Amino acid sequence: MAQLRQPNDTLRSMLVRSAWTLEALARSVNAVAAETGRSLTYDRTSVSKWLAGVLPRDDVVPLLVEAFSRRLGRPLTSADLGLGGAVAAAGRSAARGVSEPAVVLAELAAGQADFRRRTALESSPYQLLDSLVRPVSAPRVGVGVSPYRSGRAEVQALRTASVLFASLMEALGGGTARVALATFLAEDVTTWLHAHASDTVRGELFTGAAELTLLLARMNIDLHAHGLAQRYLDIAFALASEVGGRTTEAIALRVMSAQALDLGHHEAALHLAEAAESAVRESPGAVRAFVDAQLALAQAATEQHRSCLRLFDRVDRNSPDGEGAFASPFGSYSRASALYQRAGALTHLGEVRLAAQDLTVSLRHRAHDETRARALTLSRLAGLHLRMGHVDEACAAWLEFLDLYPLLHSARADRELTGLIQKLRPHGRHHAVAHVLERAGGHGYGGLRRAGPA
């Protein structure tokens, strides 16, 4: 920390305006940091030092900005807190309403591909206020500034890349290929978007680019790089809007909702899921089922129980065979995925036994190479068994999780391993529990590996 010449009266004024104690501000900063996968332990002493004129670390300033922005309900910058400059939490609203989302994508993806800039981008916080504002369709602007021409070969390249990177994500986690995908988007895809093309090819290119950007967002969510993922989601929405891609817009909003829900922002998740549902009405049945399942989960999290259950009935009707495929980097909306979503909703509703049954059936339908999904399902199932007092069943599921865990570069999987330890320690005298704890310790608990290359 560096020392200012005088106390930070601006920060003190903002603290008073927020009706926060020193301890409350410290807790809020720690909570925002936790959303990025960092564990900070600031307390009132730290806040006292900031008020006295000690500058927080550079990587902590965006966390302070985001904490105060959420508290006061309006976007702030570092200058508003007396911390110099005008740094927003993470380039706030960088992609909303931009005239050329391809340009923003090129800049952001190039930053993630650059190891010198990657850490700062991936540690940026989630911006809660932005999640409460539905993205607006970008202006339809012309491209074709490049002397090159894009055609069917480039469209096919995007489709092939979607299958490849989606498979890597599901098999190995978000940390495995996100730099490669960022590089592909920054150096190849955005070049194709600026080249001359027929209207048909242009529409397919922008849709394909939006889907790949959605996939990169999901990879970053899996790494707990939520601020960066949020910016990619905005760009994906704008790319889809550029060519009137309502289905892809709806999928983007659905992923935004899932991200908000995962972070515990239930009202924001509901708002985004409702926006997705309004955008998806003309889409294929499988896409409507995909969106409806997320809306139902958000409704369960906000205690709208009856609406939630009715929506899951509609999910079954729209995708009766559980497999209706649609063109996206997410493949098909499978029965395994629908059951996983319904189990989450049932858990919110307190129906733990039924949720466990759905997860068990979900595992039976889950493809063998979907390692990440299988691992997360097993961990969630184990937790439900433990809640019901089924210690042996919980341990059996967690042992299967530990078989898969070494294959994954995923902060979400790391979080599940941490939760496994915390939940099982009180039962440490049980023989099966002791065995699981020993296995978990062998995977490096206490110094969890970073997901993916630094």
Report, by residue number, each residue of the stretch 52-79 that is surrounded by fewer than 18 Cβ atoms within 10 Å (Cβ to Cβ) and not in a loop (DSSP other than H, G, I, E, B).
-> ALA52, VAL54, LEU72, ALA79
Assuming LEU181 fulfils every condition listed in (1) modelled with pLDDT of 95 or more; (2) within 29 Å of LEU272 (Cβ to Cβ); (3) open to solvent by 20 Å² or more (accessible area, probe 1.4 Å) apart from one, which condition is it?
-> (3)
Between a first residue in the stretch 237-253 that is under 15 Å from ALA217 (Cβ atoms) and a second residue that is assigned to a helix (DSSP H, G or I) and among the acidic types (Asp, Glu), which pairs have beta carbons less than 7 Å apart while being 6 or more apart in sequence or on different chains?
-> PHE237/GLU249; ALA240/GLU249; THR248/GLU211
Every pair of residues 6+ apart whose Cβ atoms lie under 9 Å, when the first sits in the stretch 357-380 and is of a type in the set (Val, Ile, Thr) while the second is outside any helix (DSSP H, G or I) | THR371/GLY173; THR371/LEU408; THR377/ARG366
What are the residue pairs meeting all of these: first residue in the stretch 53-73, first residue among the hydroxyl-bearing types (Ser, Thr, Tyr), second residue open to solvent by less than 10 Å² (accessible area, probe 1.4 Å), Cβ atoms under 8 Å, and 6 or more apart or on different chains?
-> SER69/LEU76; SER69/ALA89; SER69/GLN127
From the option list GLU282, GLU303, GLU351, single residue qualifying as open to solvent by 40 Å² or more (accessible area, probe 1.4 Å), modelled with pLDDT under 90, over 24 Å from SER167 (Cβ atoms) and of a type outside the set (Ser, Thr, Tyr) is GLU282
For residues that are at pLDDT below 95, among the hydrophobic types (A, V, I, L, M, F, W, C) and part of a helix (DSSP H, G or I), tally how many sit in the stretch 82-105.
-> 3
Among the residues of the stretch 246-258, is any modelled with pLDDT under 95 and surrounded by fewer than 19 Cβ atoms within 10 Å (Cβ to Cβ)?
-> yes
Filter the stretch 209-225 for residues that are assigned to a helix (DSSP H, G or I) and open to solvent by 10 Å² or more (accessible area, probe 1.4 Å); which is farthest from GLY37 (Cα to Cα)?
-> GLU211
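Restricting attention to the stretch 190-202, which residues are open to solvent by 20 Å² or more (accessible area, probe 1.4 Å) and not aliphatic (A, V, I, L, M)? So that I can check it myself, show each step before the final result.
In the first step, residues of the stretch 190-202 are kept if they are open to solvent by 20 Å² or more (accessible area, probe 1.4 Å); the result is 191-192, 194, 196-200, 202.
Hits for the stretch 190-202 are THR191, TRP192, HIS194, HIS196, SER198, ASP199, THR200, ARG202.
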Enumeration of residues in the stretch 262-274 that are open to solvent by less than 10 Å² (accessible area, probe 1.4 Å) and small (Gly, Ala, Ser) | ALA268, ALA269, ALA273
Take the residues in the stretch 396-440 that are surrounded by fewer than 17 Cβ atoms within 10 Å (Cβ to Cβ) and touching a residue at least 60 places away in the same chain (Cβ under 8 Å), then tell me which one is nearest to SER379 (Cα to Cα).
-> ARG415
State whether one or more residues within the stretch 38-48 are more than 31 Å from the chain's Cα centre (by Cα) and either open to solvent by 60 Å² or more (accessible area, probe 1.4 Å) or among the acidic types (Asp, Glu) (or both).
-> yes
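The values are calculated or read from the model by the stated rules, or taken from the named source; none is laboratory data. On a predicted model such as this, the values are computed, not experimentally measured, just so you know. FYI the Cβ positions are ideal-geometry reconstructions off the backbone, even for glycines, and counts take in every protein chain you see. With ligands, DNA and RNA removed, areas are computed over all heavy atoms of the protein, side chains included. Shrake-Rupley method; radii C 1.70, N 1.55, O 1.52, S 1.80 Å.
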